[in-house]
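Asks: Pasting in a structure now, in structure tokens, and then I'll have a few things to ask.
The values are calculated or read from the model by the stated rules, or taken from the named source; none is laboratory data. Treat the numbers as computed from the prediction; the structure is a model and nothing was measured. Reconstructed Cβ throughout: ideal geometry from the backbone, glycine too, with neighbour counts over all protein chains shown. Quick note on the areas: whole protein, heavy atoms, side chains included, nothing else; ligands and nucleic acids left out. Shrake-Rupley method; radii C 1.70, N 1.55, O 1.52, S 1.80 Å.
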Amino acid sequence: MATEVKVTANFQKLVGGQRAVFANGSTVSELLEDLEATYPGFKENIIVDGQLHRFVNIYLNDEDIRFLSKLDTLLEEGDIVSILPALAGGA
């Protein structure tokens, strides 16, 4: 099952400059493994010590996976995964 993965400009350079790519997997973790196989070096920017990097957010259909099952979140046909850096700011 191919899942659409949208990435922001920060991560587009890792996927050949594309805004969205397709990857396979039944969980977010498997999806990231498939992305790594296609785009070597991608995963090291997302995962640190087996966990989601604290400055990266992954959304499944607009839901933060940290509030779901994290990397074990199940994917279904038609899902859209968005990967973006955590944003902070303000004074």
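Asks: Out of the residues in the stretch 11-21 that are aliphatic (A, V, I, L, M) and not in a strand (DSSP E or B), state the one that is surrounded by the fewest Cβ atoms within 10 Å (Cβ to Cβ).
Replies: First, pick out the residues of the stretch 11-21 that are aliphatic (A, V, I, L, M): 14-15, 20-21.
Imposing the further condition that a residue be not in a strand (DSSP E or B) reduces the set to 14-15.
On the way: Leu14: 20, Val15: 18.
Going through the qualifying residues, I end up with Val15.
Asks: Quick check on the stretch 22-39: of everything there that is open to solvent by less than 10 Å² (accessible area, probe 1.4 Å) and touching a helix residue (DSSP H, G or I) at 6+ places or on another chain (Cβ under 8 Å), which residue is farthest from Leu84 (Cα to Cα)?
Replies: Initial filter on the stretch 22-39 (open to solvent by less than 10 Å² (accessible area, probe 1.4 Å)): 23, 28, 31-32, 35.
Add one more test, that the residue is touching a helix residue (DSSP H, G or I) at 6+ places or on another chain (Cβ under 8 Å), and what stays is 23, 28, 32, 35.
Working: Ala23: 16, Val28: 14, Leu32: 14, Leu35: 15 Å.
The selected residue is Ala23.
Asks: Also, I was wondering about something else. Sort out which residues of the stretch 50-91 are part of a loop (DSSP other than H, G, I, E, B) and open to solvent by less than 100 Å² (accessible area, probe 1.4 Å), and write them in order of number.
Replies: Selection gives Gly50, His53, Asn61, Leu68, Ser69, Thr73, Leu75, Gly78, Asp79, Ala86, Gly89, Gly90.
Asks: Taking Glu4 and the conditions (1) buried (at least 18 other Cβ atoms within 10 Å of the Cβ); (2) closer than 10 Å to Val81 by Cβ, which numbered condition does it fall short on, given that it satisfies the others?
Replies: Just one mismatch for Glu4, condition (1).
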